[in-house]
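**Q** Let me begin by handing over the structure; questions about it come next.
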Amino acid sequence: MTGLNHHAVGLELPRAALVRPVLEQHGIDAETVVATPGGRPPSSLTHRSGIQDGAVSTDRGAAVLLVGLVCAEARLHTSWDSVGPVSVVRRPARRLLDSTGLTPVRLARMTAPEL
């Protein structure tokens, strides 16, 4: 949906007042979680050469795992469980954003009863 970047929304969630304390209870720093997609700190995807020129450089085991995750995400995004609800909600959500002061980030965080 135009104006809604789920990656940006996701990067803010670890810092949220309800999420940060839960992470801290388990010894996880919210800023570390936010930094990880950018390759900081090193992960199994970036422990060697990391991301270079848009390609991931890693060992075979991590590459096999990564390909499996990419395929699983593709199956999820193209399944009826995803495509159906998105198709039904897209137009009313766009109208809601266009006709109210609601922001895309607030919309993304709404629960079903709030919506």
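**Q** Among the residues of segment 84-114, write down those that are aliphatic (A, V, I, L, M) and in contact with a helix residue (DSSP H, G or I) (Cβ under 8 Å, 6 or more places away or on another chain). Full working, then the answer.
**A** Kept after step one, since they are aliphatic (A, V, I, L, M), are these residues of segment 84-114: 86, 88-89, 93, 96-97, 102, 105, 107-108, 110, 112.
If the condition is that a residue be aliphatic (A, V, I, L, M) and in contact with a helix residue (DSSP H, G or I) (Cβ under 8 Å, 6 or more places away or on another chain), then 93, 96, 97, 102, 105, 107, 108 are the ones that fit.
**Q** What number goes with the only condition from (1) modelled with pLDDT of 85 or more; (2) among the β-branched types (Val, Ile, Thr); (3) part of a loop (DSSP other than H, G, I, E, B) that residue 46 does not pass?
**A** (1)
**Q** Now a separate question. Considering 3, 54, which residue is in contact with a helix residue (DSSP H, G or I) (Cβ under 6 Å, 6 or more places away or on another chain), at pLDDT below 85, of a type outside the set (D, E, K, R) and exposed (fewer than 12 other Cβ atoms within 10 Å of the Cβ)?
**A** It is 3.
**Q** Can you confirm whether residue 68 is in a loop (DSSP other than H, G, I, E, B), over 17 Å from residue 9 (Cβ atoms), modelled with pLDDT of 75 or more and not aromatic (Phe, Trp, Tyr)?
**A** Spelling it out, it is not the case that residue 68 is in a loop (DSSP other than H, G, I, E, B), over 17 Å from residue 9 (Cβ atoms), modelled with pLDDT of 75 or more and not aromatic (Phe, Trp, Tyr).
**Q** Identify, from the list 97, 76, the residue that is surrounded by 10 or more Cβ atoms within 10 Å (Cβ to Cβ), at pLDDT 85 or above and farther than 20 Å from residue 112 by Cα.
**A** The conditions single out 76.
The values are calculated or read from the model by the stated rules, or taken from the named source; none is laboratory data. Given the structure is predicted, the values throughout are model-derived calculations rather than measurements. Cβ sites come from the backbone with ideal geometry, for glycine too, and all protein chains shown count toward neighbours.
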